[in-house]
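These notes are about the structure you will find just below.
The values are calculated or read from the model by the stated rules, or taken from the named source; none is laboratory data. Predicted model, so just to flag it, every value in this text is computed and none were measured. Because the Cβ atoms are built from the backbone with ideal geometry, glycine has one as well, and the counts that use them run over all protein chains shown.
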Amino acid sequence: MLANDSLNFAISKSTIVSIKHLVQAYLGYVIFGFLIAVSLAYFVYYLNNGLGLAYNDARSHLDIGRRVVENLNPGLAQLGSVWLPLPHLLMVPTIWHDFMWHSGLSGAIQSMISFVATGLIIYQFLKRIGVGLLGRFAGVAIFAANLNVLYLQSTAMNELLLIALMTAGAYYLVMWFKEDTLLDLIKAAFFIMLSVLTRYDGWFLLFMATVLIVGYTWRKKGYKVAEGMIILFLTLASLGVGLWLLWNKLIFNDWLYFATGPFSAKAQQLQLEAAGNLATKGNLWLSVSSYLLALAYNSYTLPAILGLVGAVAFWWDKKIAGPVRLASIILLAPLFFNVLALYLGHSVLFIQGISGNTWFNVRYGVMLLPSIAIFIGYLVHRAKAFRPTIIGLLIFVLFFAFTNRDAVTIDDARVGSSQKNVSEVSGWLKANTANEPGYILISAASHDAIIFSPTKQSAAPLALPITIW
Amino acid sequence: MIKKIVVAIVIGLLAIALMAGVTKGHKGNPIYNQTENSKLLGGPFETTNSSSRYALVEAMAENKTFFFTDKQAAFSASDIASHNGKIFSVFTPGVSFVALPFYLLGKQVGMPQLFTYFSTAIVAILNLFLVFKLARKLGAGFYESLMGGGLFLFGTNALAYALTLTQHHLSTMFILLALLNSFSKRTWINNLGFGLLYGAGLLMDIPNGLMMLPLVGYILFKHWFWSEGAGQLLFSVKLRFLALALGLMPLLGVFAWYNYQLTGSPTTISQSLGRVDFTVDQGIIQRNKESNRADEYEQRSFYNTRSQSRGLYILLVSNERGWLYYSPMVVVGILGLIIGFRNKETRTLVALAAAVGLFCLISYTSFGDPWGGWSFGPRYLIPASAIVSAGVSVALSRFKKNVPFVVTFFALAIYGVAVNSLGAMTTSAIPPKVEAVNLPDPIPYTYEYNLGLLEQDKSSALVYNLYLYESVSFRDYWLAYISAASVIVAGLYVVSLFSKERNDYAG
């Protein structure tokens with residue numbers, strides 16, 4: 001209705017209440033559906049443009065999974081000790097199928113599920129700490145509308161699986177601090193145990209969680225309760241560590257083979273150090289700046305800054321229970337772990353411009369994305385006066401990130417040190433050995449990309465069994 | 001009231017005097033560069049972002065066209081674009097449109113360059129008072145607000161760019177006017193005015209449209225009303241928001257017509273064609289066009305998120321263009337904005353002003369060239385400097401009796417005046433580090449370059465070059481200038497201490 005230079009209309013309160021209830025009840029489902037659709041679309045996109053398997057490590061992961069079911073000596077022993085076993089174990093049910101193996105879907109499917117799960121955990125996390133719909137939506141959007149995340153969830157890399165498990169572990173731990181429900185602590189232990197079996201980042205998460213639980217319960221409830229809680233927690237949470245040590249003893253006759261063996265990260269890092277490529281070792285400033293730059297490039301910088309502002313506001317907010325604020329430090333575990341690993345020389349990270357003219361492992365910066373998303377979600381909720389500004393700036397940044405196809409993880413996979421182009425070798429092998437009987441002796445330690453690529457049979461590239469030496 | 005008007009007029013006159021003290025020019029007949037169009041270091045045409053706009057003024061005034069002659073093209077290269085073999089400025093035309101009457105006036109007295117550049121200088125002084133007005137709206141005291149305005153113009157690199165024919169001061173003026181407009185009552189007239197300001201902002205520089213977006217959002221929001229009735233919510237949209245579009249149309253129409261004349265399309269701006277080079281001997285020299293990119297993952301737009309961390313470093317802390325390095329007083333301004341935000345009455349305005357400043361910062365940190373080519377200080381942040389300077393007034397109003405604060409404030413203010421007047425009196429063409437160190441004869445990439453020129457007595461200040469060159473060393477002239485500016489700031493400070501006026505922050 002037009003009156004007094006105004007357009008007027010009325011909506012009954014009951015309709016608004018219904019809409020509000022509808023949104024509150026179903027927004028989670030809508031986000032769930034949307035995340036699934038986005039996940040599938042991006043997997044197909046990267047499969048079709050050939051980038052899905054650009055990471056050398058993605059091909060290695062798929063080969064390890066495949067070796068369990070197809071090899072001269074198939075079996076679980078083929079899981080090896082270079083990488084922790086969970087990602088490869090999860091491939092086993094599907095990797096036998098050539099399409100699943102060679103499309104990368106066998107490895108990507110767990111990344112895709114993890115992507116969707118992480119989005120939902122972020123939503124739930126924000127909901128449980130009292131953040132409104134807009135903040136929850138913003139948090140999920142920051143995580144999901146990131147080309148680095150979308151790319152990694154489309155590959156057989158294990159970042160998204162680790163992110164989902166660590167975020168789930170952190171979520172249940174914070175909920176235990178918030179509500180003191182024992183089941184939350186057990187769930188936290190379960191997911192942390194799984195993260196321990198996925199990557200060594202999980203071991204640091206286990207350490208941080210243990211310190212937080214002991215410190216908090218000892219101070220609040222005394223030694224006896226602290227002792228009980230930590231036994232309960234560690235029984236499940238540290239099971240993965242025990243199983244991994246046992247595995248190494250049983251298969252390699254050395255409890256610490258994964259840490260000291262010839263293919264361990266340490267051995268690789270020693271080679272890099274000898275070649276002068278481990279500049280972060282013993283250099284705290286370079287370690288911090290390298291990781292922060294990786295974080296900035298993966299997050300598009302502004303979200304990382306806003307995440308920091310959100311974190312400070314969160315820790316400052318007296319309306320949030322002290323234990324929850326304390327426990328939320330767990331969300332920074334990837335930051336502490338990566339800086340420490342770089343400083344101690346257990347990890348390597350090349351940032352173009354400060355570590356020569358290449359990228360390597362820059363994807364490590366993506367590990368903090370869920371934490372950034374949670375803190376931004378909180379900030380959007382809390383900073384009411386700046387809400388439109390924050391959302392506007394984020395839309396600006398994300399719009400141009402997508403316009404420019406800004407994905408540093410793809411650059412690392414295409415032209416950085418994380419890629420490996422073996423087309424010449426594999427082409428030669430295919431031309432000269434495809435019709436020859438017998439096997440090819442090849443080191444799987446550094447030639448998984450060749451093993452993965454079509455060599456003897458184009459339909460089933462790894463039809464040739466391999467011998468590890 | 002009359003006393004305040006007198007004080008404001010006195011400050012205006014002093015600002016004009018201080019501006020005159022740094023106005024660029026060299027001795028000639030009687031003043032060099034009125035007809036020569038020389039790219040002399042430190043002269044008015046030392047950078048092509050000024051000369052390209054000046055060439056457009058000349059083309060309009062002398063040839064009644066937007067297209068350049070060969071001489072004008074060579075003078076403006078490489079800030080030129082080409083279409084159908086014709087050459088024109090790569091910039092939006094607003095600055096040149098504003099400068100045209102000044103050129104015509106100056107031509108009457110044989111000083112077209114000097115008068116053309118007055119267009120920016122006058123706007124710069126207007127900006128001083130707009131910062132003052134904004135500070136007053138933020139609840140700062142009268143004298144403190146004048147100090148904030150003065151420090152914007154003389155304590156940041158706004159001074160160096162008040163002496164050029166670039167978009168920065170006009171952009172700042174339209175942004176500040178739009179900001180003040182957005183906080184006024186939403187009437188048909190005010191909406192019409194905002195639309196005009198938005199259109200004018202676009203004519204000066206396209207990114208202004210982005211920086212003003214928070215204001216657009218806020219204004220649109222203010223046209224929505226809702227109230228509770230019996231069992232229903234009543235929504236009302238004031239149709240006067242349509243006046244925003246009405247106000248926007250005339251200048252947008254001018255822009256479209258200008259584009260159509262140049263590129264054959266009302267929506268194709270010259271910047272989108274890409275820059276070309278030109279020499280009289282070789283004619284148009286094409287650069288690598290973006291469409292020739294082989295790699296689909298290369299940057300596609302002006303704003304690149306990958307550059308943001310570098311841009312933040314360059315524009316905030318680096319010694320090349322860092323805001324904190326050239327005008328550390330912004331820290332005081334940010335403190336003032338925080339204080340203003342904590343005041344319920346000014347919270348919304350602070351949030352709105354900060355939004356404009358943040359859009360300025362974030363957009364230019366994502367810019368491919370955050371340095372702004374060969375320039376002085378963070379020239380793209382001048383609109384943000386204006387907003388932050390209003391915050392300086394608020395902080396002063398709150399802490400003017402706090403001795404450690406006052407000492408810190410004066411140290412930062414005098415540093416800012418010293419550095420930025422040095423830039424204004426010598427050159428605003430300092431290369432980025434990557435270029436400076438790779439020159440055949442490397443030169444400094446910070447204001448050390450300006451200090452070097454100071455030591456060599458290479459002044460670009462017209463008053464000094466015309467009248468004082470033989471009697472005073474350039475160094476003494478610079479020190480006298482800093483002293484004069486500092487005395488004015490100190491005078492305002494002392495007066496503010498004795499002022500009985502109440503403001504929102506007086507302790």
Q: Please verify whether segment A:353-371 includes one or more residues that are over 20 Å from the mean Cα position of the chain (by Cα), modelled with pLDDT of 85 or more, under 23 Å from A:Val82 (Cβ atoms) and not acidic (Asp, Glu).
A: yes
**Q.** Residue in segment A:4-21 that is of a type outside the set (Asp, Glu), part of a helix (DSSP H, G or I), in contact with a strand residue (DSSP E or B) (Cβ under 7 Å, 6 or more places away or on another chain) and over 30 Å from A:Ile410 (Cβ atoms) present
**A.** yes
(Q) Pairs please, first residue from segment B:173-190 and in a loop (DSSP other than H, G, I, E, B), second anywhere and among the charged types (D, E, K, R), Cβ atoms under 7 Å, 6+ apart in sequence or on different chains. (A) B:Phe183/B:Lys137; B:Arg186/B:Lys222; B:Arg186/B:Lys238; B:Arg186/B:Arg240; B:Thr187/B:Arg240
Q: Tell me, yes or no, whether segment A:53-69 has at least one residue that is surrounded by fewer than 17 Cβ atoms within 10 Å (Cβ to Cβ) and assigned by TED's automatic domain parsing to the domain that holds A:Ala259.
A: no
Q: Would you please name the residue that is farthest from the other protein chains (Cβ to nearest Cβ), looking only at residues in segment B:344-371 that are outside any helix (DSSP H, G or I) and touching a helix residue (DSSP H, G or I) at 6+ places or on another chain (Cβ under 8 Å)?
A: B:Trp371
Q. Given (1) of a type in the set (D, E, K, R); (2) modelled with pLDDT of 95 or more; (3) not in a loop (DSSP other than H, G, I, E, B), where does B:Arg306 come up short, assuming only one miss?
A. (2)
Q.
Among the residues of segment B:76-89, are any among the acidic types (Asp, Glu) and either surrounded by fewer than 24 Cβ atoms within 10 Å (Cβ to Cβ) or closer than 17 Å to B:Thr263 by Cβ (or both)?
A. yes
Q. In segment A:15-25, which residues are modelled with pLDDT of 90 or more and within 9 Å of chain B (Cβ to nearest Cβ)?
A. A:Thr15
Q) Does segment B:27-64 hold any residues that are β-branched (Val, Ile, Thr) and closer than 17 Å to B:Tyr464 by Cα, and which are they? A) B:Ile31
Q: Pull up segment B:214-268, narrow it to residues that are in a helix (DSSP H, G or I) and among the β-branched types (Val, Ile, Thr), then point me to the one that is nearest to the other protein chains (Cβ to nearest Cβ).
A: B:Val216
Q. Can you find even one residue in segment B:282-298 that is at the interface with chain A (Cβ under 8 Å from one of its Cβ atoms) and at pLDDT below 85?
A. yes
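Rundown of residues vs (1) buried (at least 16 other Cβ atoms within 10 Å of the Cβ); (2) in contact with a Ser or Thr (Cβ under 9 Å, 6 or more places away or on another chain); (3) in a helix (DSSP H, G or I); (4) not charged (D, E, K, R), yes/no style:
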site	(1), (2), (3), (4)
B:Tyr449	yes, yes, yes, yes
B:Tyr464	yes, no, yes, yes
B:Ile482	yes, yes, yes, yes
B:Ala485	yes, yes, yes, yes
B:Glu501	no, no, no, no
Q) Do you know which of the residues in segment A:1-38 that are of a type in the set (Phe, Trp, Tyr) and more than 28 Å from B:Leu242 (Cβ to Cβ) is surrounded by the fewest Cβ atoms within 10 Å (Cβ to Cβ)? A) A:Tyr29
Q: Residues being crowded, with 24+ Cβ neighbours inside 10 Å and in a helix (DSSP H, G or I): count how many of those fall in segment A:88-104.
A: 4
**Q.** Selection within segment B:335-364 - without any contact (Cβ under 8 Å) to a residue 40 or more places away in the chain, over 24 Å from the mean Cα position of the chain (by Cα) and either crowded, with 18+ Cβ neighbours inside 10 Å or within 11 Å of B:Val388 (Cα to Cα) (or both)
**A.** B:Phe341
**Q.** Sole residue being outside any strand (DSSP E or B), more than 14 Å from chain B (Cβ to nearest Cβ), surrounded by 20 or more Cβ atoms within 10 Å (Cβ to Cβ) and touching a residue at least 40 places away in the same chain (Cβ under 8 Å), chosen from A:Ile329, A:Ile390, A:Ile374
**A.** A:Ile374
Q: Restrict the check to segment B:401-417 and report whether at least one residue is under 25 Å from B:Ser50 (Cα atoms), not in a loop (DSSP other than H, G, I, E, B) and not charged (D, E, K, R).
A: yes
Q: Kindly indicate which of A:Val362, A:Val348, A:Val397, A:Val339 is crowded, with 19+ Cβ neighbours inside 10 Å, at the interface with another protein chain (Cβ under 10 Å from one of its Cβ atoms), in contact (Cβ under 8 Å) with a residue 24 or more places away in the chain and touching a Phe, Trp or Tyr at 6+ places or on another chain (Cβ under 7 Å).
A: A:Val397
**Q.** Those residues of segment B:429-441 which are surrounded by 12 or more Cβ atoms within 10 Å (Cβ to Cβ) and of a type outside the set (A, V, I, L, M), in sequence order
**A.** B:Pro431, B:Pro432, B:Lys433, B:Glu435
Q | For B:Ala20: the one exception among (1) buried (at least 17 other Cβ atoms within 10 Å of the Cβ); (2) modelled with pLDDT of 95 or more | A | (1)
Q: Grab the helices (runs of 4 or more DSSP H) fully contained in segment A:224-291, keeping just those with 3 or more residues being at pLDDT 95 or above and either buried (at least 16 other Cβ atoms within 10 Å of the Cβ) or not assigned by TED's automatic domain parsing to the domain that holds A:Lys187 (or both).
A: A:239-252
Q. Which ones in segment A:25-64 are among the hydrophobic types (A, V, I, L, M, F, W, C) and more than 27 Å from A:Arg136 (Cβ to Cβ)?
A. A:Val44, A:Leu47, A:Leu51, A:Leu53, A:Ala54, A:Ala58, A:Leu62, A:Ile64
(Q) If the requirement is being surrounded by 24 or more Cβ atoms within 10 Å (Cβ to Cβ) and touching a Lys or Arg at 6+ places or on another chain (Cβ under 9 Å), which of these qualifies: B:Thr166, B:Thr156, B:Thr120? (A) B:Thr166
Q: For residues that are more than 9 Å from every other protein chain (Cβ to nearest Cβ), of a type in the set (A, V, I, L, M, F, W, C) and part of a helix (DSSP H, G or I), tally how many sit in segment A:403-427.
A: 2
